[in-house]
1. Looking at B:LEU315, B:LEU311, B:LEU264, can you tell me which residue is under 16 Å from B:GLY408 (Cβ atoms) and not aromatic (Phe, Trp, Tyr)?
2. Inspect all residues belonging to region B:32-39 and state whether any of them is closer than 23 Å to B:TYR188 by Cα and either surrounded by 18 or more Cβ atoms within 10 Å (Cβ to Cβ) or touching a helix residue (DSSP H, G or I) at 6+ places or on another chain (Cβ under 8 Å) (or both).
3. Would you confirm whether any residue within region B:155-170 is more than 14 Å from every other protein chain (Cβ to nearest Cβ) and open to solvent by 10 Å² or more (accessible area, probe 1.4 Å)?
4. Can you pull out every residue in region B:505-535 that is of a type in the set (Ser, Thr, Tyr) and either out of contact with any helix residue (DSSP H, G or I) (no Cβ under 8 Å at 6 or more places or on another chain) or at the interface with chain A (Cβ under 10 Å from one of its Cβ atoms) (or both)?
5. Report yes if some residue within region B:60-73 is open to solvent by 30 Å² or more (accessible area, probe 1.4 Å), within 14 Å of chain A (Cβ to nearest Cβ) and farther than 28 Å from A:PHE520 by Cβ; otherwise report no.
6. Across region A:507-535, what is the number of residues that are open to solvent by 30 Å² or more (accessible area, probe 1.4 Å), under 18 Å from B:ARG525 (Cα atoms) and not aliphatic (A, V, I, L, M)?
7. Out of region B:443-476, which residues are among the basic types (Lys, Arg) and farther than 22 Å from B:ARG525 by Cα?
2 protein chains.
Amino acid sequence: MQEIRIGFGQINPVVGDFEHNAAQVLKQLSQADGEVDLVVFGELALCGYPLGDLSYRSDIIEKTEQALADLVAESKRFPSLTIVLGHVSSATRRDVKQSAFAIAHNSATVFSNGKVIGRYDKQRLPTYDVFDDWRNFVPGEQDLIFELQGKKIAVAICEDIWDSASPQAQRLKDAGVDLLVVPNGSPYTRAKQSERRFAARSFQKDFAVAYANLCGGQDELVFDGDSFLIDKDGKEVFRAPFAEGMFTKSEEIVEILDDNPEKLFQALVVGLRDYCSKTNQSKVVLGLSGGIDSALSCVIAAEAIGPKNVLGVALPSRFSSSHSIADAKELASQVGCEFREIPIEQPHASFESMLTLSELAKENLQARIRMVTLMGISNTDNRLLLSTGNKSEIAVGYSTIYGDSAGGFAPIKDVFKTDVWWLARWYNESKGKSIIPVSSITKAPSAELRPGQTDQDSLPEYQLLDDVLRLLIEKSATVDEVVGLGFDRTLVAEIDEKVRQAQWKRSQGAIGTKTTQLAFGSGRRVPITTRFGKL
Amino acid sequence: MQEIRIGFGQINPVVGDFEHNAAQVLKQLSQADGEVDLVVFGELALCGYPLGDLSYRSDIIEKTEQALADLVAESKRFPSLTIVLGHVSSATRRDVKQSAFAIAHNSATVFSNGKVIGRYDKQRLPTYDVFDDWRNFVPGEQDLIFELQGKKIAVAICEDIWDSASPQAQRLKDAGVDLLVVPNGSPYTRAKQSERRFAARSFQKDFAVAYANLCGGQDELVFDGDSFLIDKDGKEVFRAPFAEGMFTKSEEIVEILDDNPEKLFQALVVGLRDYCSKTNQSKVVLGLSGGIDSALSCVIAAEAIGPKNVLGVALPSRFSSSHSIADAKELASQVGCEFREIPIEQPHASFESMLTLSELAKENLQARIRMVTLMGISNTDNRLLLSTGNKSEIAVGYSTIYGDSAGGFAPIKDVFKTDVWWLARWYNESKGKSIIPVSSITKAPSAELRPGQTDQDSLPEYQLLDDVLRLLIEKSATVDEVVGLGFDRTLVAEIDEKVRQAQWKRSQGAIGTKTTQLAFGSGRRVPITTRFGKL
């Protein structure tokens, strides 16, 4: 494939912002012009992905098709480029057995020098995890093969290639295809780089594969770029970094960073950064408890939108320890963000004089007073409130609804507590100094809602908890299966019950960046009302 | 079809509670014994529906199959009955083009006198609105026809018959089928009774149709019974009411109650009643503002779980009018529920002295102080907090997140404001007295968060707003399409923008009973981050 030079356009589309998206495409085409022959963009790059049920609206399809027609016309400015661009297109409703309301295809159009060469519609529509493609799109029926410089080039889209036994792969081989180009909307998870290469190599049959991905955050998903080219023999000859831009050649292939704290941290930063920028929010506020979750959230926010746009607020109650306030203050100083200290004793006392509360209710009261204070600042200063809960506590409901769970975005909601510590240690190491106070990392976790409280009064040790949660949630393991791996039955059954009981709280939780195979949110759809497995 | 006597078992399953569900099946079989020849239960009656991603767990499938085997054995007690019962069953994963993780069929087993006659697996899997069947189930491939008393009887499940051009219907006709029995999980919406009959009549081809539905609430869905039998000529010869039980004959056919306040009210009552009972909650608390939304929510709660289990709390601020408190008190007295009055001035003043707030933030503050108070009572007394927002305000974001939007269940979240008034008037008429104070119905709606405020300071008249919202939401209409119907473009575009802006709040909203074709919740999946149509 030496002859055809390929450019990978990693663009960061905003759903429904055609002007913005088309401008990015044009800018990257200018960069590619003269450098390469063929440019491949990500899945639905022109309209943004995922669209969800916006794909039911005829106007979004019409506007996409108009934007595409404009770009085809503009492509005369780059006559030597052949372009593959993802977009929605109008479809006649699918056959009735596939009962859904979709009126759009998930397409990619090949065009060059003002002319459309062909359109491909995604054939294999994922309907698992966060994906609703079967709901939102009509599957395509036809392969697309075109010629460029005497080579046969085919197009597939994302899920199409995630099946090693696909008849499509065999058809493309039989047709003598030299190169398969694949626009993708492939979200970051911690093991995804290896999985993508495994999928591409399993699918290829004597043809090279050019895999192009989006780059940027969209609600709970982060697309991490990582476009790559593998030759006919499966050897990777090109890899793009986790960055927006047009990538045409790499000096050397960057390292695979599966399960790597640097890449995980970057995904969390990009997820928050793009949620802010795409929803036109430039400032955030968060409560700083002196603990590790709010500390990590604060450094993520500072990296995402700049420390000057971050306000950390310490909200000590009568139960807060002096080291907590000191740690919060120290963190803000190291990060360089704004800091305020607002003791909550006055409303705390006034609610207590107004109401007779149980011990649990008294604990929740403090978390809710903090929320009221933070939302007052959020509303007054137009600051996005961040919720700083981690995946372990969200899993078992160890949080106060309308209290610490409140916020517009939850940067570490899909990071287990043990990984919060891992990231915090890595962050300090990478900076060569303790931006996050060492005591925030080393002290016993506590909500400090009553004297001497620690998380382990109510929960197993986090290492054990996280091990069990990974199995129950990400592997959909049954209690029996987890017990079979050597865990205590009572412990596992109790954790399973806590996870079920907390579903109503999670159903009202803020979105946050998906980092694992199965994140709470749109990837996990379970009833609130169920007695299955009830103790 | 005179010869075969049919019983419709409208059971109210709890997801995953096999003991409870099997006991209901057995009780209804006892009632049918001797009365009829053939008994049909609803879709997934044995395990509950919808299961969501619980269907991925091998243990729920195994336990369902065990419960089914036990019931088949028990059926020897009723040797003259032939039984059609819905349940999940294990499946080999579907072919790869239909990319999903499902490992279960959505099945119905026919059995009699201890023996299995056959199993049918649902073929047409809906993937629109609230339905995720394509995600959660493997489609069946085979029709099932069995003989009873010399007649040929076929089985289909729910969505299978919602296609008048179905090849399945033709196959059944060609096979000479006399009767089609259809287990359904068909949720209530306001026009559903007519739609069901239209679907059944469009599908039937010279065979009678016995349509059996579930009855009861499951999270946001209410199944409203309404099982029916239509003969070969499409004439309805039997109809079951909106009630649990075994229905074998009707004295006279009950009225179709499409778009009827009585039936809508009943659906709201059942939705809340079953959410409480199935999650083991016996008491509720809600704020009573003196307005119509909280008044209607209060009477729904009183009808659902008994007035003695309902606590209404008036939480006057310095801006509350005296008539508001009087109306709240009057309502509680008429309903016979518990009532408390807790002025919020003290925490209100303490927050104001602690924080400098914008005007909007000051308004939200009051709503959040009320939430903190109500959640304090909720946590202390184990009372489910009800959120009393209506669909109109939820649509345009006219509510305070972590304030009045807070709660475990929102009984009227899918009822437009104009329909709230309609229901309130109907309720008073049906009771022959003004349980809901007339002034709560007739006064101008106001959040009373600043002096002299009314909803129409910020919103169009509700009749106009609701007309536009029905088009934008339930019809997925574009702004152009709504304008084409004669509405003002600026108004429609502003409403469309408000709906989009409020998505982040809705994504954190409480569940509540679906009553319309498209309810906010799992039936409407749109991105939070989008600039499509942005003004």
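1. On the way: B:LEU315 fails: under 16 Å from B:GLY408 (Cβ atoms); B:LEU264 fails: under 16 Å from B:GLY408 (Cβ atoms).
After applying the criteria, what remains is B:LEU311.
2. Taking region B:32-39 as the starting set, the residues that turn out to be closer than 23 Å to B:TYR188 by Cα are B:39.
Restricting the remaining residues to those that are either surrounded by 18 or more Cβ atoms within 10 Å (Cβ to Cβ) or touching a helix residue (DSSP H, G or I) at 6+ places or on another chain (Cβ under 8 Å) (or both) gives B:39.
Yes; the residues of region B:32-39 include at least one that is closer than 23 Å to B:TYR188 by Cα and either surrounded by 18 or more Cβ atoms within 10 Å (Cβ to Cβ) or touching a helix residue (DSSP H, G or I) at 6+ places or on another chain (Cβ under 8 Å) (or both).
3. Looking through region B:155-170, none of the residues is more than 14 Å from every other protein chain (Cβ to nearest Cβ) and open to solvent by 10 Å² or more (accessible area, probe 1.4 Å).
4. The answer is B:SER507, B:SER522, B:THR529, B:THR530.
5. Taking region B:60-73 as the starting set, the residues that turn out to be open to solvent by 30 Å² or more (accessible area, probe 1.4 Å) are B:62-63, B:65-66, B:69-70, B:73.
Still in the running and within 14 Å of chain A (Cβ to nearest Cβ): B:62-63, B:66.
Of the ones still in play, those that are also farther than 28 Å from A:PHE520 by Cβ are B:66.
Within region B:60-73, one or more residues are open to solvent by 30 Å² or more (accessible area, probe 1.4 Å), within 14 Å of chain A (Cβ to nearest Cβ) and farther than 28 Å from A:PHE520 by Cβ.
6. Residues meeting the conditions: 5.
7. Of everything in region B:443-476, those that are among the basic types (Lys, Arg) and farther than 22 Å from B:ARG525 by Cα turn out to be B:LYS443, B:ARG450.
Residues are listed down the side, and each one gets a yes or a no for (1) open to solvent by 10 Å² or more (accessible area, probe 1.4 Å); (2) within 14 Å of chain B (Cβ to nearest Cβ); (3) of a type in the set (A, V, I, L, M, F, W, C):
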| position | (1), (2), (3) |
| --- | --- |
| A:VAL254 | yes, no, yes |
| A:ASN260 | yes, no, no |
| A:GLN266 | yes, no, no |
| A:VAL269 | yes, no, yes |
| A:CYS276 | no, yes, yes |
| A:VAL285 | no, yes, yes |
| A:SER289 | yes, no, no |
| A:ALA295 | no, no, yes |
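The values are calculated or read from the model by the stated rules, or taken from the named source; none is laboratory data. Remember, predicted model here, so these are calculated numbers, not experimental data. As a convention, Cβ positions derive from the backbone with ideal geometry for all residues, glycine included, and neighbour counts pool all protein chains shown. Surface accessibility is based on the protein's heavy atoms, side chains included, excluding ligands, DNA and RNA. Shrake-Rupley method; radii C 1.70, N 1.55, O 1.52, S 1.80 Å.
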